[in-house]
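*Asks:* Pasting in a structure now, in structure tokens, and then I'll have a few things to ask.
Readers should treat all values here as calculations from the given coordinates under stated rules, not as data from a laboratory. Note that the structure is a prediction, hence the values are computed from the model and not measured. Cβ placement follows ideal geometry from the backbone for every residue including glycine, while neighbour counts extend to all protein chains displayed.
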Amino acid sequence: MTDQMIVLVTGANKGIGREIAAQLAQLGHTVIIGARSLEQGERTAAELRAAGASVTAVALDVTDPGSVAAAADSITASHGHLDALINNAGISHQPGADIAGQMPATADVDHVRFVFETNVFGVITVTAAFLPLLRRSDSPRIVNVSSSAGSLAAISDFANTDPIALGYVPSKTALTAVTMMYARGLETENILVNAVCPGFVATDLNGHRGHLTPAEGARSAVTMATIPTDGPTGTFTDVDGPVAW
Ligand code: NDP
């Protein structure tokens, strides 16, 4: 068990992120909910505080550098440092766009780019903005919520059964690679950086088709967020252990 931490969870007003926030708060950590809608984030924070937890919310749109910078300033003012950053916010498709734009035969590059803006560039934007705060921690760690759907080892199977999400699947492949680059690049600073797959979880992201609950899906991220200071870095795991890249 790690000492009490200050943790930021992006995209935490619903789904897996909300449960990651709830479980870390139940463990006694101080949790900051990052939410595009501050109103929704504050509502979630109030619900989690009702259980006696220390939870607040900050406005945070990972695709808006101004919003990310303002969130970093706000947390600098309120807490002075950050111990754990959970990059959870993610999308499966561009809202309102034709899903055909994510299929190779009918690809719409703007649709694909839209997904990458959140799932890949958003993570890099947030990580860059919060590294100065993580460097002030005695035990800094980053957890990126990726997906085994992006495993190169699984993509050929995936293609046989599902429409290939040309934005979503490769965005998670890239996110896992980005995670490993950060792990190597921050090794000398003792900042642990790991990727996790939550499993197939029933949330808005997949029209609630998943077979796991958000509470079950949160476990892999909570586990990696609470590893010891001398714990692993550069891993990709789910609740059962290592995930193939
Ligand atoms: P949900 O759609 O339930 O939640 C996604 C969250 O991300 C929401 O809070 C949403 O905010 C937020 N979000 C989206 N775009 C932005 C943005 N630009 N800035 C800030 N927040 C944003 O999905 P899940 O809980 O299922 O997904 C969470 C993570 O888990 C994602 O990264 C997803 O790829 C990953 N994952 C999910 C799996 C599953 O089976 N569900 C499987 C593997 C990985 P808002 O409420 O404002 O829309």
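*Asks:* Using 7 Å Cα-to-Cβ label points, what is the residue 47/residue 152 separation (nm, one decimal)?
*Replies:* Output for this residue pair reads 4.0 nm.
*Asks:* Run through every distinct alpha carbon pair of the chain and return the Kirkwood hydrodynamic radius in angstroms, one decimal place.
*Replies:* It works out to 17.8 Å.
*Asks:* Would you kindly derive the ³J(HN,Hα) couplings of region 52-66 from the backbone phi angles with the Karplus curve 6.51 cos²θ - 1.76 cosθ + 1.60 (θ = phi - 60°), listing them in order in whole Hz, with x for Gly and Pro?
*Replies:* For region 52-66, the Karplus curve yields x, 8, 9, 9, 10, 10, 9, 5, 7, 9, 5, 8, 10, x, x Hz.
*Asks:* Rounded if a/c is under 1.5, else prolate if a/b is larger than b/c, else oblate: which is region 43-163, with a ≥ b ≥ c the root eigenvalues of its Cα gyration tensor?
*Replies:* Prolate shape, in that a/c is at least 1.5 and a/b is the bigger ratio.
*Asks:* What FRET efficiency would be calculated for the residue pair residue 3, residue 26, taking the C-beta separation as r and a Förster radius of 25 Å, to the nearest 0.05?
*Replies:* Plugging the Cβ-Cβ distance into 1/(1 + (r/R0)^6) gives 0.95.
*Asks:* I want the local charge near residue 83. Using Cβ-Cβ distances under 9 Å, sum +1 for each Lys or Arg and -1 for each Asp or Glu among the other residues.
*Replies:* -1
*Asks:* Out of 13, 87, 206, any idea which swings most in a Gaussian network model of the chain, alpha carbons joined below 10 Å?
*Replies:* Greatest mean-square fluctuation among the candidates belongs to 206.
*Asks:* OK, next. So how do 56, 213 line up by other beta-carbon neighbours within 10 Å, fewest first?
*Replies:* 213, 56
*Asks:* Can you give the % of DSSP beta bridges in region 6-242 that are antiparallel, to the nearest 5?
*Replies:* So the antiparallel bridges in region 6-242 amount to around 5 percent.
*Asks:* Can you give the FRET efficiency to the nearest 0.05 for residue 64 and residue 211, using r as the Cβ-Cβ distance and R₀ = 51 Å?
*Replies:* FRET efficiency, residue 64 to residue 211: 0.90.
*Asks:* Give me 29, 211 sorted ascending by neighbouring Cβ count inside 10 Å, so fewest comes first.
*Replies:* The most exposed by this proxy come first: 211, 29.
*Asks:* Still on this model: For residue 19, what is the net charge nearby, where nearby means another residue's Cβ is under 11 Å from its Cβ and Lys, Arg count +1, Asp, Glu -1?
*Replies:* +2
*Asks:* Then there's this: Apply 1/(1 + (r/R0)^6) to the Cβ-Cβ distance of residue 81 and residue 188, taking R0 = 25 Å, and write down the FRET efficiency to the nearest 0.05.
*Replies:* The value I calculate is 0.85.
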